[in-house]
Structure formats: C-alpha cells, structure tokens
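Asker: Once you've had a glance at the structure underneath, I'll fire off some questions.
The values are calculated or read from the model by the stated rules, or taken from the named source; none is laboratory data. No experiment lies behind these values; they were computed from the predicted model shown. Positions of Cβ are backbone-derived with ideal geometry, glycine not excepted, and every protein chain shown enters the neighbour counts. In case anyone asks, the SASA skips ligands and DNA or RNA and just uses the protein heavy atoms, side chains included. Shrake-Rupley method; radii C 1.70, N 1.55, O 1.52, S 1.80 Å.
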There are 4 protein chains.
Amino acid sequence: MDHRGTEFASIVKESLEGMRKIVQTRGLIAMYPASGSGAWEAAIVNTLSTGDRVLMFETGHFSRLWRQVAERFGIRVDYLPGTWRTGAVTADIEAKLSDDKNYEYKAVMVVHNETSTGTTSKIFEIRRMMNRLGHPALLMVDSVSSLGSIEYRHDEWEVDVMIASSQKGLMLPPGLAFNAISEKAMAANKAAKLPRSYWDWQELLELSRNGFFPYTPSINLIFGLREAVQMLLEEGLPNVFSRHQRHGNATRAAVRAWDLELVCEDPTEYSNTVTAVFAPAGHSADALRATILDNFDMSLGAGLSKLANQVFRIGHLGHFNDLMLAGTLAGVEMGLRLSGIPHSEGGIMAALDSLAPKSKPVVVRV
Amino acid sequence: MDHRGTEFASIVKESLEGMRKIVQTRGLIAMYPASGSGAWEAAIVNTLSTGDRVLMFETGHFSRLWRQVAERFGIRVDYLPGTWRTGAVTADIEAKLSDDKNYEYKAVMVVHNETSTGTTSKIFEIRRMMNRLGHPALLMVDSVSSLGSIEYRHDEWEVDVMIASSQKGLMLPPGLAFNAISEKAMAANKAAKLPRSYWDWQELLELSRNGFFPYTPSINLIFGLREAVQMLLEEGLPNVFSRHQRHGNATRAAVRAWDLELVCEDPTEYSNTVTAVFAPAGHSADALRATILDNFDMSLGAGLSKLANQVFRIGHLGHFNDLMLAGTLAGVEMGLRLSGIPHSEGGIMAALDSLAPKSKPVVVRV
Amino acid sequence: MDHRGTEFASIVKESLEGMRKIVQTRGLIAMYPASGSGAWEAAIVNTLSTGDRVLMFETGHFSRLWRQVAERFGIRVDYLPGTWRTGAVTADIEAKLSDDKNYEYKAVMVVHNETSTGTTSKIFEIRRMMNRLGHPALLMVDSVSSLGSIEYRHDEWEVDVMIASSQKGLMLPPGLAFNAISEKAMAANKAAKLPRSYWDWQELLELSRNGFFPYTPSINLIFGLREAVQMLLEEGLPNVFSRHQRHGNATRAAVRAWDLELVCEDPTEYSNTVTAVFAPAGHSADALRATILDNFDMSLGAGLSKLANQVFRIGHLGHFNDLMLAGTLAGVEMGLRLSGIPHSEGGIMAALDSLAPKSKPVVVRV
Amino acid sequence: MDHRGTEFASIVKESLEGMRKIVQTRGLIAMYPASGSGAWEAAIVNTLSTGDRVLMFETGHFSRLWRQVAERFGIRVDYLPGTWRTGAVTADIEAKLSDDKNYEYKAVMVVHNETSTGTTSKIFEIRRMMNRLGHPALLMVDSVSSLGSIEYRHDEWEVDVMIASSQKGLMLPPGLAFNAISEKAMAANKAAKLPRSYWDWQELLELSRNGFFPYTPSINLIFGLREAVQMLLEEGLPNVFSRHQRHGNATRAAVRAWDLELVCEDPTEYSNTVTAVFAPAGHSADALRATILDNFDMSLGAGLSKLANQVFRIGHLGHFNDLMLAGTLAGVEMGLRLSGIPHSEGGIMAALDSLAPKSKPVVVRV
C-alpha cells in the first residue's frame, strides 16, 4: 500500500481519531515510528530549552531513565527522591512548586504507572495541586503502561504532554510512539529552543492531520492500531478498566495468600497492569524467574536496577482474561514451590475467590 | 504452488515419511482431503463387502457412529454392548471370536481413545488375544483422538487399518484424514467388493508414493502437516506422551478433589487427551458449560447422545502446556462455583500438587 | 472455535446463503470437507443405483475421470465421443435421448468448463433440448472450474446436481466440495440405492440447515468461504464474469498473434478461465513449460492424457487482474522465444490491444 | 517473546551478523526502531556539533530533506547545486574540498541512490578523490534505496556512516533504521557535542553487542530481518545485484521504446531500483498515474518537489521478478495509451527483448 495515497491517509485519520478517544482528548496526537523512549525525548525537545529546570519524582526505574533523557539534553532536573514503593508524592512536589516563586520549573514530569514497581501515581491530584498553586509548569505524564488499561483522562486532567506506545495496553507489537499535546504545550513548542527534526511536532502534526507523514510511517502497525482501538472501544473503556481492576485485585489476593510482600505500599496506588512482588529475604527472585521459565515457559518481569534480583513482576495487561491470569498465577505458585521459596500455599485459590466470589448469586439454567 | 509439480511432491513425501514415524509403521499411509469420518468409511469400503460380518465394541458415541457407517454399507455388525464407562472389554470380544469357528468375522473394529467418555482401549491386549485364538479378522482401530498424544504402535500392535485425522494430536485444522494400512489389509482390499472411488486405496497409494494425488490435495494442510510432524518429533514422542500423561493425571486429581465422578471407571483405561466428568445428579452439565462459556469464554465438550447434559468433557490434547491446563481447571472450578453445583473446593490445588509435587527436590540457582 | 457452538453455526449459515447467490439457486447446497472429486462421487451415489444408465459427453480429461467414478459404482455410462476441441455437442446428446423411449437414461452428466481443453459447454442449450424432448433424466453439471468465474445459473438452467469446489473461482485453498441440488434430485435421492454415508445428503442437509455437520467440518475454509463469497458479491457477479471475459479475450488475442493454435475450435465455446494451446507440431509443450518454470518461476498447466506434451494451458481465473495476465503472457512469450519454438512475436502487444483498445476515448485529468 | 531474554538476544545477534554481510562491513551497526529519516538524524547528532560545516550534493528531493535535517541541528551545509539528472558530481565536490585547506568540512554527505530521480552516485569515486586530497572529512552515505539491491561496499569504500532502513531492499515493512559506523566515525562521536539520547550510538552499540537494547526494540521486524537477510544471502548478493541490473535494463529499454525521456542523463549512473521518467511536455504525469491506479490498481511513484507532475517513477526493487516487471511495464504502456500521452508503442516488447534476448541459444528438452 502506498503511504502517500488516499486510502492509507484515511486509515491514518481513522486511527488517530480512535486514539483520541482512548486518550480522552480533543487535542492533538503525534504518532512516531519509534519506541516509547522516543516519545519521552519528543516531549522534551518539543517543549524545553537547554538549561531549563524541571521537576521529576523518583517513582522507580522508568522515572530514572526519563530523567536521564532530560539531562542528556541539558535540562536541569530536580529529582525528588522516592522509595520506589509509592507513586509520586503530591506533597513533595507541592513543596517544591510552592518555593518556586519565579516559576523556574518549566515542567513537572511524572510516570503515571511505574512498571518497575507496580504503582500508579495520582495524576489528577497533582494537577489540582498545580492549579491551586497557579504554577504554570507543563504537566508531562508517561502513560506507556497505563494507556488503554488504567483510566487516563488527558483533557479532564489537563495533562500537557502524554507519552505512550503501541506495545502495552494497545496490544500491538512495539514500534509506534505517541505524544498527546495540549494547547499550552503547543505554545511552549514555539518557544522551545532544543534542536529537533525527527521528533518535531510542527511538520508531523500538520501532515498527519491529512493522514500523511514527513517520513515513511509504520504502515503495518497503523493498520493494527485501527483494529486495536476498535477492540478497546467495542469492549468499552470502563469495561476495559474494570477488567484490569479485577485482575489486579485477584493477583494481589494471590500474593497476600502466599504471604509475600507487594512492592507498592499504598493500596490507593496499586497498579492494575503490573504487580511487583518481593522474594523473601535471602531468596533470589531471578532464580525463581529462571525456574518458572524453565519449567513452565513463562517469562516474568525482572526486578530492575535497585530492585534487581529482589523482585519479580507479574504483568496483567492488554489482551488478557481470567483464565490466562489463573494460568499465570498457577505458574508462579508452582515456581515458588519448585524453587523452595518459603510461602503459604493457595494463592491461586485466593485469586479464584477474588475472581468468582462465593457469595455471588448462583446462576442455574436448565 | 502447483500440486502436480516436483516441489510439492517432495513435501508430500516428506510429510508421509514423518507420519510413518508418528504412526510407528513402515507400511502404507493413505491421506485424504476429508474429515476423520471419511477415513472410517475408507477403512470399510476398502476391505469389506456387503453382507460381511464384523465385531465392534460399544465404547461410546464415536463407536456408535462408526457402526452406523458400517451398517450403511450393508455390513452386519455385531455390536458388543458396553457401559460407556470402560474401554473395549477384551474378554467379551474373545468370547465372540472363540465361538466364530468359521471365521465369519472379517474385522474387529475398536475405537482406541473414545472421546465421548475419556477411555482408552487396550489395543495391544486385543491383538494378543486375537493372535492367541489365531483368528484371521482384520483389526481396525480409530485413533483419531489418540494419535500423536497417546502411545500408538501400528506395526508392533499389528493393527491392520488405522483411522486418524489432522485436527487433534496433529494440531492442524480439520481437513486431512488418514488410513495406515497393513499388508494383510492390502490383501483384503483386493477381494473387497464394495464400490469405491474417492476412498480407493490402490490409485491413491500408487500416486502418493511419488508425492502425487488422484485429485486436488489439501495443499495448505499438507504444508502444515510437515511442520506438525516435525514439532512432535523434535519434542520426541516419549516426551509428548508423558506430557499428556502428566496433564491427564493432574486433571483427574482436580476432578477427585472436587468430589466429582469420572466417566471412566478403570484407572488403567483413563484417557490422557480428554477427561469426561459427571455433573452431580440433578445438575445440568450443559448449564455448567454455558456458565463457563459466558463467564470465561471457554468451551468445554458436551455430553454426547446418552450422556447428554450429564457429562462435561475437558480436553487436554495437542499443543498444550501446564499453565493452559491450570487456566482450564481454574475455569472449571469457578464455573462449578458460579453454577451452584455442589463440590469440594481446591481441584486446582490438587492439579498443582500433581504437576509440581511438593516432594520434588528444590532447585535453587543464585 | 467450537464447531458445535452457535457462533460457528451462524458463520456456516451465512456462508451457505452466500453460496446460493453465487450458484444462483434458492435450493439446497451440500458442503463437504473434500476435493471436488468427492462432489462427483456424491452426485452419483446420492441419485443413482447400480446398473443405472447415464449419458456423458467426452469433453476431455475431466469428463473421462468423472466417467471412471461412475463406472466404479456400477453405473452404465454411454460415453458420447468428443474431439476434445469442443464442448458437449447438444445434437449428439439429443439423438441419444430421442432414441431412449423408455427413459432408461437416469442422468445426463456434463462438464461445464473442461479445464483440460479450455472449452465451455452450453448447459442451458442442453437443458432446453431435454425439456423439448420431455426427457426426465437428471442434468448433472461439473462447474468446478466455472463457478464464480463464468456465468452459471443453477435454477434458471434447471440443473439437478451441480459439482463445485473451493480452489478455483472461489479463490480458496482446496478442501471444500459442493453439490447444489434440485428438488427433482432430492426425489431421486430417496430412490437411489447406492450405499453411502460420508456423501449422504439427508443428514448433511438436515444438520447444515442449522449450521452444523455430521462430522468435523473444515472450519478454516468455511471462514474463508464467507470472505470469498463476500468479495465476489461486492465486485458483483456480472463484473466478475466480464473481468474473466476480458482476460479470456486478451489471452486468445495473444495466442492468435503468436500464430499458435487454440485447442477449442468453437469461438462460442471459448473458456474464460483457462486457455489450452497447442505447441507447434514437433515441439514439446512440456519442454516449453519446463523452460518457463526454470526461467520465470511460472507453472503452466500440462496437457492431460491424450493431449500430453502437445498442449500447455494458461489459467486466468479467480483473483486475477490485467497486470497479472500481462505478466503471465509475457512469461509465455519469453518462454516460446527461449525454447526456440516457432512463433510470431507480439502476443503480449495483442493482449494489450485487447485490454486497452486504442480506440478507447482518451481520458485526461490535469 | 521477552525482549530481555536470551532467546531474543540470539536472534538480534544473528540479524546484526547478517546485516554486516549485506552492508559488507566488519564494523558496527546501530539498529533503531524508527524510519530511515531517523538514521539521517542519528548520523548527524552522533558525529557533528552545532556550527560544523558539511558538504552535500543536491542529487534530488531526498538530498534536500537530509540537508534540512542537518540545518535543523545548526549544521552549516554547503549544498552543491545539481540538475536532479545526475548523481553527485565528484569534480564539484573535489573543487570544494581542495579549497578547504583548514579542513573545515567535517563531513561529505551523499545520497547513494536518489529515489526521486533514479540516479546512483559513485561513492567509491568520491572516496578515492577524498583520499587523494587527504581530506579528513567523514563520508556519510544514504543507502536507503540501494542497500540489498545495488552494490554497496561499506568497508572497501571506506564509508564512515551509512544510513539504511527496512522497507526497501530488505523487503520488510517500515520501522527499522540503521547506521553502519566506521572507527573514524566512532572517534568523531566522542567529540560530537550535539545533544542526543534516543539516537546515541554508545549505549545502543554496547547493549546490542549482546543482543539487547536501551529501549523496547521492534521485535517483529527483527524476526523478519533475520529471514530477509537469509533470503538475500541464499540468493547470493551478486545474483541479487544482477537481478536488479537486469530489471533496470529492461525498464529503460521500455522507456526508450516509448520515446520517453529518462530523468537520469548519465548511463553510468542509472539506478537499478527505480526509474524516473518524464511525461512529454504538456502532459500531466499525475494524471497518468491516476489513470493507471484507477484502471490497473497499480501505484507508480510521483514526481517529488520540483519534478512534481512532470515525472512518474517505476520501482523495481526488493522481492521482484521478471513477470512482475513485465506486468508493471504493461500497466504503464496501457496507461500511456488510455491517457492519450504521445508515445511509440512496444515498450513492453523492448523489455522482453532485454530480458530474453533473441540471440540466446535455444534450449530444447524433450
């Protein structure tokens, strides 16, 4: 298919229109042939200039990586320390912004769902605080592992730049990266002095409005995107979110029944797409993961950087159903057993109790 | 691809060579573009004549259907009654053959793995009995739901005609049917008077020896067959069989833990590809199946003919692993719960105990 | 997907409904997991009895094969000799039927489009003749290589049994075979005494009315059938037929320009799906085909039985467009050249003249 | 598949090893999830600093776009004017470099195969000239539309940075971009001051040496890459190049026979992957393209920027064979006819003469 033809153009427009519904925005969406990391960089080079100050919160590994990207472009990052066991602490951000009488912070940058720890930050709470303070910083949010799985309301939460990618909640192979962009962010773009070409919003948004691109787009993935968006909208976003909630609850019920410890300490911040779990002290999470991979051909997420070998991560996002979850948790329970890791049995039963509560009124058809 | 060209011919020959390894024969294999039922008919019309007598055992629904095929061709079937809770009873067959001093029975026809009841008949025991008696009847075996999953040794067991198809242990879509044929069956073929064309072995075997067919073959499925055979041989038949054994054991452990009753009464005849389970008296197996389909998008097998609505069937064959089994059993357990069917909880735990026994020496890597 | 579930049943019904439109019938359609040859056999065993007499016309190789099937079932075939260069000769059939005062002929069996020679028989002319004579024989028609490409009107032409398959005009892999059946054929079915099971219409039609089958259907192909039928109906049958007409014309223009001889002698019987061409005397058609396969990776049809090595066949059916045809004819022209076969150059130009006539009013858009 | 697992790592390493053979280098290859334009940017930001001077040659539209990228990063580009009808003129580059006594030019940047005009520049000639002058500038080459189709020898030609992508000669969907990097380029990288993160070679090369990536790679495309590379190496690079040569020759023979004018003026610079052709004065190339698209569902390349509406482009690269080319040229010839564009007939015959010369010794097999 000719990516400069009208047929492809209409597919692009349809895909972008669908994405706006997923992102819950009426604004602009930039779509790149790139990984999600490209969209981190795009957010930065399109809105900031060398020497600008920004405020980030250390939610975990991915916030660290994003910080690194910013610093490589000469951005001065005030990186609020976190324990890796909570989301972004609004009070800590508020304290910094309150002190910033001259509005030196050009942006507050937060990871919505921190994949390395299984915590979800309260973006709307942060936005309300910023509005209360009247601080003009842009609010930039990485929703790579939340979009399409956990509630994200771009316009209502007044996010200025959102970062997302194709391979998580959108259920596609990796290779598409997105920015959703507020009017305020577009205004910042005009003043931003960092050099940019591939990531530049102006030409990209102007062309893609008509379904074209300044360079060869990821044709196959854009076809897939149209399907993925349609699947999510057919299921209905509220249903998608409650399905993930249901799976998050069941996974955490299993972890509790095993007497293992969740990385996320705050129940109001539990992630519904990934659950990070500590191996008991003295036991190697990576050995557990290897045992599970060898015996059950299932690959759990590793603990990243400072959580390396202490933590294993159970993903439950995208195209996922109750029985796949039960199979996953059965694999973990058998892996714990085979690895000789001390635990209580019956996590899988606790998950079943969560998914199919006994109190549920009995349905009998004859 | 041209099905009359040399490239396709070599794929056909390679596929048939692989099938011989799966079937454990050095003899001939006829491959039809058809369902398995076609191979039932082929076995009959190629070896028998109108008015011939044969002996069949009522293992369940599929033995009934095969009987019906035979009778439609004017074969006189002595159909030994069974309870649908055991495999073919060798002693019953022996009694009939012993009485048959004139060797009127031209064939003994048995279903190896009766999918409707989850029982596996002892083919080799039947063969040894026939040899002991010196009865010259052909031994014809339906291995549609056993081949490639449960041990089947064509040459060693001296089976004369085997019936199989593509969509079970061979993990392909339906559309290919097979006969494996002994020399004795080929001799019978020369004398057999039933009219035949599509199913006729002579022309088919002569052409397919060189990779050709008397009519357009199922090209796509034959490509798939080559792959499927290779997958099975790479895993190794003994490993394939013990994988199914392992899954059969775990499934039955779950059923026992639920305090439900297996259809198959004889532990030496348990099927390792399908487990049929009675719903408790007064409860509808079909309502349970509907609840599970609605809630978990999983389709269990129905009870067939005289077991209708009394039985549900759990398939565990083909490309299947521990975690898929655990997901399946979790779905059944939740379905029992949601349907208000009386049962003990923890079938899934019993399955885990079976799959990953606690006594297993602990493996720790650090 | 469960082939006993309601979702699949509705796909089956939809596919059969579409097939009725393609076949241009309001009657019954039997769909088998089989090759087209199976549908030949089904037509015979469902309507005839051993010893019945039928009338067939020798249009070419495929009429011979069909005759062979009939004879294997003890049918007495009067096989009217043909030259393999025309369709069925209505007058010859008429002469036989006129003599048949006792209506001994139970069926007239004709191949609509004879793939081995590239001729199309005039089915409607035969039907009118039979009606004129008031002969009650069934009219059975093999439309394997015409259905979905060349006009075929089942009800209007009062065909009693049609034979078709998936891999030609329906553009699918091989593996589905069809009978379309008139009420008169259903009546004959009740009286027909040939034994049958797999091919038996009664149970198959009864179950498939509700979307089910007496044995495992070719699930994947039935999904494909639904798509294929939809593609044909979206293009519109008249457009599909005129597309093939256009390609048949262009191919014949090329053959004439090469000064080669068509097998089909009667321009009113030219096939629009396949063109059979004589190699000049003393030249091997198979050597030409081999040269073309080696040099251009294109496989032309071989001359079959008595035309072996004298004829090559150019297929132009199914999903085919002008440029694929041009590529095909270019391959033939280059093959003629490389094989040193005497011919005039420019067949490809003649085809272009046919496809895009110079007199066509010029379209200019600026 | 887990992109942090060892199985994927070995696929990455295998793919990169294959790419080195295609690129004809023993050096480093950076592989990005991105379009080819990303690799233009990567070449610049990894080796240059704001204010650096570079020399580019105006071969056509794509050289213009690359220039634009460079200028967006503050590079001062001396853009040698070209006619868009030749490759890069070595003498013009030489004149500039000779004058550059202080070696201010940090890089010479050339498009190897200019897709907008169908010309191929003489990279090796440029390299020899640069060596003769002893000028230390890096030589950067865009081989997006030549790699894997037209001879490109990275090490022998001492190219410092090559730019390529997945969707042309590598026959994959778009989404992978590449740099091949000399040691001299790696040395320049250490000194280069442009900010960079996504495109940064250091981390990417360090990780991908072991089969990993600093961010989620395009998993699916990397699987495809392994296959594509294997296909090219199995055919053999010399055979691949001569196949494209053959198709380029035949296409140009057709254009000459039509009495149309090639954009490329120098026969030693004809592109073997794309042929750009002028519509006769007063005729719209876009109208011709629209007529061909409407009538034959074939999409020809448009004239770009200053050649808009004057030129149409015939692509003949990647997975392409003689008959596809013949079909393509037939489509053009019929399109010329239908559009009323003045031309001589018989381009397709000239192409056949080129592909299958009459003088070729006749092969007859009987």
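Asker: How many residues, within segment B:102-119, are among the charged types (D, E, K, R) and open to solvent by 20 Å² or more (accessible area, probe 1.4 Å)?
Answerer: So the answer is 2.
Asker: Now a separate question. Filter segment D:172-228 down to the residues that are more than 11 Å from every other protein chain (Cβ to nearest Cβ) and part of a loop (DSSP other than H, G, I, E, B) and list them by number.
Answerer: D:SER182, D:ALA192, D:ARG209, D:ASN210, D:GLY211, D:PHE212
Asker: Now for a separate question. Of everything in segment B:253-265, what is aliphatic (A, V, I, L, M) and open to solvent by 10 Å² or more (accessible area, probe 1.4 Å)? Give them in sequence order.
Answerer: Once the filter is applied, which keeps residues that are aliphatic (A, V, I, L, M) and open to solvent by 10 Å² or more (accessible area, probe 1.4 Å), segment B:253-265 yields B:ALA253, B:ALA257, B:LEU260, B:LEU262.
Asker: Here's a follow-up. Name the one entry in B:LEU317, B:LEU325, B:LEU293 that is within 18 Å of A:LEU323 (Cα to Cα) and not in a helix (DSSP H, G or I).
Answerer: Numbers: B:LEU325 fails: not in a helix (DSSP H, G or I); B:LEU293 fails: not in a helix (DSSP H, G or I).
Of the residues listed, the single one that is within 18 Å of A:LEU323 (Cα to Cα) and not in a helix (DSSP H, G or I) is B:LEU317.
Asker: Just need a number here: residues in segment A:314-339 that are at pLDDT 95 or above, closer than 20 Å to A:LEU170 by Cβ and touching a Gly at 6+ places or on another chain (Cβ under 7 Å).
Answerer: Matching residues across segment A:314-339 total 3.
Asker: Which residues, counting only those in segment B:225-255, are of a type in the set (Phe, Trp, Tyr) and in contact with a strand residue (DSSP E or B) (Cβ under 8 Å, 6 or more places away or on another chain)?
Answerer: Once the filter is applied, which keeps residues that are of a type in the set (Phe, Trp, Tyr) and in contact with a strand residue (DSSP E or B) (Cβ under 8 Å, 6 or more places away or on another chain), segment B:225-255 yields nothing.
Asker: Which numbered condition in (1) buried (at least 19 other Cβ atoms within 10 Å of the Cβ); (2) more than 26 Å from B:SER165 (Cα to Cα); (3) touching a helix residue (DSSP H, G or I) at 6+ places or on another chain (Cβ under 6 Å); (4) not hydrophobic (A, V, I, L, M, F, W, C) is the only one that B:GLU94 fails?
Answerer: Condition not satisfied by B:GLU94: (1).
Asker: Looking at segment A:340-348, is at least one residue in a loop (DSSP other than H, G, I, E, B) and open to solvent by less than 20 Å² (accessible area, probe 1.4 Å)?
Answerer: yes
Asker: Is it the case that D:PHE62 is within 11 Å of chain A (Cβ to nearest Cβ), in contact (Cβ under 8 Å) with a residue 40 or more places away in the chain and touching an Asp or Glu at 6+ places or on another chain (Cβ under 7 Å)? So that I can check it myself, show each step before the final result.
Answerer: Working: within 11 Å of chain A (Cβ to nearest Cβ): yes; in contact (Cβ under 8 Å) with a residue 40 or more places away in the chain: yes; touching an Asp or Glu at 6+ places or on another chain (Cβ under 7 Å): yes.
Spelling it out, D:PHE62 is indeed within 11 Å of chain A (Cβ to nearest Cβ), in contact (Cβ under 8 Å) with a residue 40 or more places away in the chain and touching an Asp or Glu at 6+ places or on another chain (Cβ under 7 Å).
Asker: In contact with a strand residue (DSSP E or B) (Cβ under 9 Å, 6 or more places away or on another chain) and either within 19 Å of D:VAL161 (Cβ to Cβ) or more than 10 Å from chain A (Cβ to nearest Cβ) (or both): is that true of D:GLY18 in this structure?
Answerer: The answer is no for D:GLY18.
Asker: Right, here's the next one. Please name all residue pairs, on different chains or six or more residues apart, with Cβ atoms under 6 Å, provided the first residue is in segment C:313-325 and is touching a residue at least 12 places away in the same chain (Cβ under 8 Å) and the second residue is surrounded by 22 or more Cβ atoms within 10 Å (Cβ to Cβ) and of a type in the set (Phe, Trp, Tyr).
Answerer: C:ASP322/D:PHE296
Residues checked against (1) polar (S, T, N, Q); (2) more than 26 Å from A:VAL277 (Cα to Cα); (3) modelled with pLDDT under 95:
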| site | (1), (2), (3) |
| --- | --- |
| A:THR117 | yes, no, no |
| A:PHE124 | no, yes, no |
| A:PRO136 | no, yes, no |
| A:MET140 | no, yes, no |
| A:GLU151 | no, no, no |
| A:GLU158 | no, yes, no |
| A:VAL161 | no, yes, no |
| A:GLY169 | no, no, yes |
| A:LYS184 | no, yes, no |
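Asker: Sticking with this structure for a sec: Which pairs do you get when a residue that is without any contact (Cβ under 8 Å) to a residue 60 or more places away in the chain, found in segment D:178-204, comes within reach of a residue that is outside any helix (DSSP H, G or I) and surrounded by 22 or more Cβ atoms within 10 Å (Cβ to Cβ), reach meaning Cβ atoms under 7 angstrom, with the pair 6+ apart or on two chains?
Answerer: Here the result reads D:LYS184/D:LEU138; D:LYS184/D:ASP160, each pair linking segment D:178-204 to a residue that is outside any helix (DSSP H, G or I) and surrounded by 22 or more Cβ atoms within 10 Å (Cβ to Cβ).
Asker: Filter segment A:99-128 down to the residues that are more than 28 Å from A:VAL240 (Cβ to Cβ) and in contact with an Asp or Glu (Cβ under 9 Å, 6 or more places away or on another chain) and list them by number. Write out each step before concluding.
Answerer: Our first condition is that a residue be more than 28 Å from A:VAL240 (Cβ to Cβ); within segment A:99-128, this holds for A:99-107.
Across segment A:99-128, the qualifying residues are A:GLU104, A:TYR105, A:LYS106, A:ALA107.
Asker: Can you find a residue that is of a type outside the set (A, V, I, L, M, F, W, C), farther than 22 Å from B:TRP199 by Cα, open to solvent by less than 30 Å² (accessible area, probe 1.4 Å) and touching a helix residue (DSSP H, G or I) at 6+ places or on another chain (Cβ under 6 Å) anywhere in segment C:16-27?
Answerer: Looking through segment C:16-27, at least one residue is of a type outside the set (A, V, I, L, M, F, W, C), farther than 22 Å from B:TRP199 by Cα, open to solvent by less than 30 Å² (accessible area, probe 1.4 Å) and touching a helix residue (DSSP H, G or I) at 6+ places or on another chain (Cβ under 6 Å).
Asker: For C:THR83, are the conditions met, namely being more than 24 Å from C:ALA192 (Cβ to Cβ) and open to solvent by less than 40 Å² (accessible area, probe 1.4 Å)?
Answerer: Answer is no for this residue.
Asker: Report, by residue number, each residue of segment C:182-206 that is surrounded by 19 or more Cβ atoms within 10 Å (Cβ to Cβ), more than 26 Å from B:ALA70 (Cβ to Cβ) and among the aliphatic types (A, V, I, L, M).
Answerer: C:ALA185
Asker: When only residues in segment D:120-138 that are touching a residue at least 60 places away in the same chain (Cβ under 8 Å) and farther than 21 Å from D:MET186 by Cα count, which is surrounded by the fewest Cβ atoms within 10 Å (Cβ to Cβ)?
Answerer: D:LYS122
Yes/no matrix, rows are residues, columns are (1) in contact (Cβ under 8 Å) with a residue 60 or more places away in the chain; (2) farther than 27 Å from A:PRO238 by Cα:
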{"position": "A:SER10", "(1), (2)": "yes, yes"}
{"position": "A:GLU17", "(1), (2)": "no, no"}
{"position": "A:LYS21", "(1), (2)": "yes, no"}
{"position": "A:ALA30", "(1), (2)": "yes, no"}
{"position": "A:THR47", "(1), (2)": "yes, yes"}
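Asker: Another question, if that's okay. Taking B:THR50, is it more than 27 Å from C:GLY175 (Cβ to Cβ) and at the interface with chain C (Cβ under 9 Å from one of its Cβ atoms)?
Answerer: Answer is yes for this residue.
Asker: Next question, about the same structure. Which residue pairs have Cβ atoms closer than 6 Å, lie 6 or more positions apart in sequence or on different chains, and pair a first residue in segment D:271-286 that is part of a loop (DSSP other than H, G, I, E, B) and open to solvent by less than 20 Å² (accessible area, probe 1.4 Å) with a second residue that is of a type in the set (Val, Ile, Thr) and modelled with pLDDT under 95?
Answerer: That search, which allows pairs on different chains as well, returns D:SER284/C:VAL366.
Asker: Could you count how many residues in segment A:296-351 are within 10 Å of another protein chain (Cβ to nearest Cβ) and of a type in the set (S, T, N, Q)?
Answerer: Residues that pass the stated criteria total 5.
Asker: Out of (1) within 8 Å of another protein chain (Cβ to nearest Cβ); (2) surrounded by fewer than 23 Cβ atoms within 10 Å (Cβ to Cβ), what's the single condition that is false for B:SER354?
Answerer: (1)
Asker: Within segment D:86-119, which residues are in contact (Cβ under 8 Å) with a residue 24 or more places away in the chain and of a type in the set (A, V, I, L, M)?
Answerer: Answer for segment D:86-119, where residues must be in contact (Cβ under 8 Å) with a residue 24 or more places away in the chain and of a type in the set (A, V, I, L, M): D:ALA88, D:VAL89, D:ILE93, D:LEU97, D:ALA107, D:VAL108, D:MET109, D:VAL110, D:VAL111.
Asker: Take the conditions at pLDDT 95 or above, open to solvent by less than 70 Å² (accessible area, probe 1.4 Å), away from chain C (no Cβ under 14 Å) and over 22 Å from the mean Cα position of the chain (by Cα) and apply them to B:ALA250. Does it pass?
Answerer: no
Asker: Kindly provide the set of residues from segment A:76-104 that are within 23 Å of the chain's Cα centre (by Cα) and within 14 Å of chain D (Cβ to nearest Cβ), ordered by number.
Answerer: A:VAL77
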